[in-house]
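K.L.:
Sharing a structure with you now.
Bear in mind that the values in this text are calculations on the coordinates, not laboratory data. Computed from a predicted model, the values in this text were never measured in an experiment. As a convention, Cβ positions derive from the backbone with ideal geometry for all residues, glycine included, and neighbour counts pool all protein chains shown.
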Amino acid sequence: MANEEPIAKVAKMDKVYLDYNATTPLAPEVQEAVIAAMKEAWGNPASSSQPGLKAKKIIAEARSNVAFMVGAKSADIVFTSGGTEGNNWILQMALKYFREYRSSDNKKNDKGERGCESIPHFITSNVEHDSVKCVLEHFEEQGLAEVTYVPVSHKSGMVEVEDVISALKPNTIMITIMLANNESGVIQPITEISERLLKTVNQPLRTKRVLLHTDAAQALGKIPVDATDLGVDFLTIVGHKFYAPRVGAIYIRNPNKDIPVYPMLFGGGQERDFRPGTENTPMIAGLGRGAELIHKNISKYESHMREVRDYLEEKLKKEFGSKIQINGKFSASQRLPNTCNVSFVKKGLMGHVVLSKVKFLQASVGAACHAQNKPSHILLAMGVSGALAQNALRLSVGRETTKAEIDVVVQDLKETVESLMS
């Protein structure tokens, strides 16, 4: 249940933070795990010293906790520096997988021409995070791959499963679609895509397998995520989105058994030679503790955030009525329980202008890594007009956000809008 506090008490605070989709603070338990590892497990995990053995044990426990969080085995988890590395690595692995397992398709014919499968084909959506979008654009520019960008429906904010399956080609090597959008909160039909893919091309005796990847950065810590249920080959995990440090991991389904692993780095053999480099024990300890909290408390977290988010939208509608539009709230799809993307209808109320004038609210107009004074390409792709996209705010609540804080935010927005319109 949301914790009620007197509005006067909350109003004394400098700011009310509603940008949890951008990043989250470290949970107190996570801070404790990081500090303890720094003090007691500072040794090299590859050494036989007492601090080294402690570090090795902490890393094993963290791997197990991250695996539990996503319904996987410990052997399926490889630690990374974060989401961008994870996504880049996974897409690079798909290129190498294509070269190795489609080598017969790359042979030239008598005229010296390559067949239609000379380069791999990726399928993605038109609302992906830049750590996927920009990589695929680079592949295209360098002639390394071709890419199909499946548009999301204006009626649901989701890709249509049939559109994804229809985009398959003989040289398709990977489908990469995020699990939940970072701006709209819309949850994509990954399980349904996996099921159709299995029926269409990924049958046990087929050699031309199409890999399936989902970036689960925004979903973790907000809704239950199970890699097996999703049916994916790869899944990206980002710590700072769920009250853990700015490190991450990737899930690989039965690495080097079902799915071959191609290292992006080479070195001392850490992480089973998949991702060498001396492990960052304190940050990995924090990631593991954050994952453990999710595994134990996800229902509570989800319920609290949904209650507070719904209260936020009710208050906004009551205060502004037809003067606002909630983006991404479709009857045909599900959203993350913490995300509210809202646009002011009137001119002169551009999101970045509103945020520059508010007293208490801390939020964003979209992804934190994007320019804050341009309309979001994600909202435009969903069918939101340019004018409304320009006026958008992304408000994302957290585990500790209270209804009293929401009252402060709505009053703050009301006063700001009145000031700008006067």
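K.L.:
Kindly provide the GluC sites (Glu not before Pro) of segment 181-282 that DSSP labels as loop, not H, G, I, E or B, and whose Cβ sees at most 13 other Cβ atoms within 10 Å.
P.N.:
Qualifying residues, ordered by number: none.
K.L.:
Right, another one. Straight-line reach from Lys317: which aspartates and glutamates fall under 15 Å, measuring Cα to Cα and dropping same-chain residues less than 8 apart?
P.N.:
Partners found: Asp407, Asp412.
K.L.:
Ranking His121, His352 by Cβ neighbours within 10 Å, fewest first, what do you get?
P.N.:
With the fewest neighbours first, His121, His352 line up as His352, His121.
K.L.:
Gaussian network model of the chain, Cα springs within a sub-10 Å range: biggest mean-square fluctuation belongs to which of Ser194, Ser47, Ser303?
P.N.:
Ser47
K.L.:
In a shell of Cβ-Cβ distance under 15 Å around Ser153, excluding Ser153 itself, what net charge do Lys and Arg (+1) and Asp and Glu (-1) give? Don't skip to the answer; put the middle values down first.
P.N.:
Working: positive: Lys155, Lys329, Arg335; negative: Glu160, Glu162, Asp163, Glu192.
Residues close to Ser153 contribute a combined charge of -1.
K.L.:
Name the residues whose placed amide hydrogens come within less than 5 Å of the amide hydrogen of Val186, ignoring near sequence neighbours (fewer than 5 apart) on the same chain.
P.N.:
Amide H neighbours of Val186, under 5 Å, 5+ apart: Asn181, Leu336.
K.L.:
Ok, one more. Where does the charge balance sit around Ser125 when Lys and Arg score +1, Asp and Glu -1, over other residues with C-beta under 10 Å from its C-beta?
P.N.:
Counting the neighbours of Ser125, the net charge comes to -1.
K.L.:
Let me ask you something else. Pick out which of Ile284, Ile173, Ile35 has the largest mean-square fluctuation in a Gaussian network model of the chain, springs linking Cα atoms closer than 10 Å.
P.N.:
Comparing Ile284, Ile173, Ile35 in a Gaussian network model of the chain, the most mobile one is Ile35.
K.L.:
Name the residues whose placed amide hydrogens come within less than 5 Å of the amide hydrogen of Gly248, ignoring near sequence neighbours (fewer than 5 apart) on the same chain.
P.N.:
Sorted by chain and number, the residues that satisfy this are Thr80, Ser81, Gly82, Gly239.
K.L.:
Taking other Cβ within 10 Å of each residue's Cβ, how do Phe79, Phe320 sort, fewest first?
P.N.:
Least to most surrounded, the residues fall as Phe320, Phe79.
K.L.:
Would you mind telling me the antiparallel percentage of the DSSP bridges in the chain, rounded to 5?
P.N.:
Numbers: 23 of 42 bridges.
Approximately 55 percent, going by the DSSP bridge assignments.
K.L.:
Would you please give the residues with an amide H less than 5 Å from that of Val147, counting only those at least 5 places away or on a separate chain, with H modeled from the backbone geometry?
P.N.:
For Val147, the qualifying residues are Phe122.
K.L.:
Taking one equal scatterer on every alpha-carbon of the chain, how large is log10 of I(q)/I(0) by Debye at q = 0.09, 0.10, 0.13 1/Å?
P.N.:
Result of the Debye calculation: -0.60, -0.73, -1.13.
K.L.:
Please say if segment 76-275 is rounded, prolate or oblate, where rounded means a/c under 1.5 for a ≥ b ≥ c the square roots of the C-alpha gyration tensor eigenvalues, and otherwise the choice is prolate for a/b larger than b/c and oblate otherwise? Provide the component values of the computation, followed by the final result.
P.N.:
On the way: a/c = 1.66, a/b = 1.21, b/c = 1.36.
Taking the square roots of the gyration eigenvalues as a ≥ b ≥ c, segment 76-275 is oblate.
K.L.:
Take Cys134, Cys340 and order them by how many other Cβ atoms sit within 10 Å, fewest up front.
P.N.:
Cys134, Cys340
K.L.:
Still on this structure, I have one more. Report the net charge of residues surrounding Gly267, where surrounding means a beta-carbon distance below 14 angstrom and charges are Lys +1, Arg +1, Asp -1, Glu -1.
P.N.:
-1
K.L.:
I've got another one for you. Given only helices, namely DSSP H runs of n ≥ 4 each adding -39500 (n - 2.57), what is the per-residue ellipticity at 222 nm of the chain, to the nearest 500 deg cm²/dmol? Each step should come with its number before you reach the end.
P.N.:
Details: 13 runs with 166 residues, N = 422.
That comes out to -12500 deg cm²/dmol.
K.L.:
Sticking with this structure for a sec: For each pair in Lys96/Lys329; Lys241/Lys329; Lys15/Lys318; Lys155/Lys414, compute the distance between the two Cα atoms and list the pairs where it is over 32 Å. Write down the numbers at each step before the final one.
P.N.:
Details: Lys96/Lys329 39 Å; Lys241/Lys329 22 Å; Lys15/Lys318 23 Å; Lys155/Lys414 29 Å.
Pairs exceeding the cut-off: Lys96/Lys329.
K.L.:
Which whole-number percentage describes the relative contact order of segment 235-317, with Cα contacts under 8 Å and a sequence gap of 6 or more?
P.N.:
Working: 67 pairs, mean separation 18.2, N = 83.
Worked out over segment 235-317, it gives 22 percent.
K.L.:
Would you mind telling me the antiparallel percentage of the DSSP bridges in segment 76-275, rounded to 5? Walk me through the numbers before you get to the answer.
P.N.:
Numbers: 12 of 28 bridges.
Roughly 45 percent of the beta bridges in segment 76-275 run antiparallel, per DSSP.
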